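Report on one structure; see the data block that follows.
The values are calculated or read from the model by the stated rules, or taken from the named source; none is laboratory data. The shown structure was predicted, so the numbers you read here are calculated from the model rather than taken from an experiment. Counting neighbours? That spans all protein chains shown, and the Cβs are built from the backbone with ideal geometry, glycine included. Note: accessible area is taken over every heavy atom of the protein model, side chains too, but ligands, DNA and RNA are not part of it. Shrake-Rupley method; radii C 1.70, N 1.55, O 1.52, S 1.80 Å.
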Amino acid sequence: MTRIIPLPFTVRPVRPADADDISVILRELGWFTLLNAETPEATAERIETRILQFFSDGEDRTALVAENIEGVVVGFICVHWLISLTANEGYISHLFVSPAARGQGVGKALLASVTELARVRECKRLMLYIRSFREAYQRGFYRKSGWEEQTDVAFFTLSLV
């Protein structure tokens, strides 16, 4: 069942109290086998723990949420700030928007907020990856937002579990 999400919204830093709303978004998507197999309460607890861990090591990460006029989180974004020998960069590890809030500017506002933070940090670029079967990729969300798909890059993973 899709929730009705009143907009407009504001973008602000994430708080541990946002865990319930973020877990609802992730569970609505149904993409994560681990989350699908646990109770909603366990998911919220997992997310709250991750939010606390996210900020435990300093200022090399930023997490923002889009909150609607009723105080409900309708989207979130996480970025990891990387310092290399040649330039500062940012890697967006998460950008999720509630299915009921899609197409209303939430994702664009979250990307714009992170882009501004990257400029302040004098980053050379922002990076992210998205699976090509995801709906956002299929409809060209990032391309329409000014991002360029890199066709000359191979993305590798090493599974550790």
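Looking only at the stretch 8-28, how many residues end up being acidic (Asp, Glu) and open to solvent by 80 Å² or more (accessible area, probe 1.4 Å)?
Pass one, the stretch 8-28, residues acidic (Asp, Glu): 18, 20-21, 28.
Narrowing further to those that are open to solvent by 80 Å² or more (accessible area, probe 1.4 Å): 20.
Count: 1.
Based on what the data block shows, is Ala63 under 26 Å from Val161 (Cβ atoms), part of a strand (DSSP E or B), open to solvent by less than 30 Å² (accessible area, probe 1.4 Å) and touching a helix residue (DSSP H, G or I) at 6+ places or on another chain (Cβ under 9 Å)? So Ala63 fits the description; yes.
Conditions tested, residue by residue: (1) within 17 Å of Ser23 (Cα to Cα); (2) open to solvent by 30 Å² or more (accessible area, probe 1.4 Å); (3) part of a strand (DSSP E or B).
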{"position": "Glu41", "(1), (2), (3)": "yes, yes, no"}
{"position": "Glu48", "(1), (2), (3)": "yes, yes, no"}
{"position": "Ser56", "(1), (2), (3)": "no, yes, no"}
{"position": "His80", "(1), (2), (3)": "no, yes, yes"}
{"position": "His94", "(1), (2), (3)": "yes, yes, yes"}
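If you take the residues in the stretch 114-161 that are of a type in the set (Gly, Ala, Ser) and in contact (Cβ under 8 Å) with a residue 12 or more places away in the chain, which one is surrounded by the most Cβ atoms within 10 Å (Cβ to Cβ)?
Here is the first cut: in the stretch 114-161, the ones of a type in the set (Gly, Ala, Ser) are 118, 132, 136, 140, 145-146, 154, 159.
This time we only want the ones that are in contact (Cβ under 8 Å) with a residue 12 or more places away in the chain, so: 118, 136, 145.
Details: Ala118: 20, Ala136: 16, Ser145: 13.
The extreme case among them is Ala118.
The selection criterion, being crowded, with 19+ Cβ neighbours inside 10 Å and free of Cβ contacts under 8 Å to residues at least 60 places away in the same chain, does not hold for Phe76.
Are any of the residues in the stretch 28-37 in a helix (DSSP H, G or I), more than 13 Å from Ser98 (Cβ to Cβ) and either in contact (Cβ under 8 Å) with a residue 24 or more places away in the chain or in contact with a Leu (Cβ under 7 Å, 6 or more places away or on another chain) (or both)? Working first, answer last.
Filtering the stretch 28-37 down to residues in a helix (DSSP H, G or I) leaves 28-29, 33-36.
Going one step further and asking which of them are more than 13 Å from Ser98 (Cβ to Cβ), we end up with 33-36.
Then drop every residue that is not either in contact (Cβ under 8 Å) with a residue 24 or more places away in the chain or in contact with a Leu (Cβ under 7 Å, 6 or more places away or on another chain) (or both), which leaves 35.
Looking through the stretch 28-37, at least one residue is in a helix (DSSP H, G or I), more than 13 Å from Ser98 (Cβ to Cβ) and either in contact (Cβ under 8 Å) with a residue 24 or more places away in the chain or in contact with a Leu (Cβ under 7 Å, 6 or more places away or on another chain) (or both).
Against the conditions (1) closer than 21 Å to Pro13 by Cβ; (2) in contact with a Pro (Cβ under 7 Å, 6 or more places away or on another chain); (3) free of Cβ contacts under 8 Å to residues at least 60 places away in the same chain, Glu70 satisfies every one except (3). When you look at Ala19, is it more than 23 Å from Ser132 (Cα to Cα) and under 13 Å from the mean Cα position of the chain (by Cα), yes or no? So Ala19 does not fit the description; no.
With Glu148, Glu135 as the choices, which residue is more than 16 Å from Ile92 (Cβ to Cβ) and not hydrophobic (A, V, I, L, M, F, W, C)? It would help to see each step written out before you state the result.
Working: Glu148 fails: more than 16 Å from Ile92 (Cβ to Cβ).
Being more than 16 Å from Ile92 (Cβ to Cβ) and not hydrophobic (A, V, I, L, M, F, W, C) holds for just one of Glu148, Glu135, which is Glu135.
Residues in the stretch 104-147 that are under 18 Å from the mean Cα position of the chain (by Cα), over 24 Å from Arg12 (Cβ atoms) and charged (D, E, K, R): Arg125, Arg131, Arg134, Glu135, Arg139, Arg143, Lys144.
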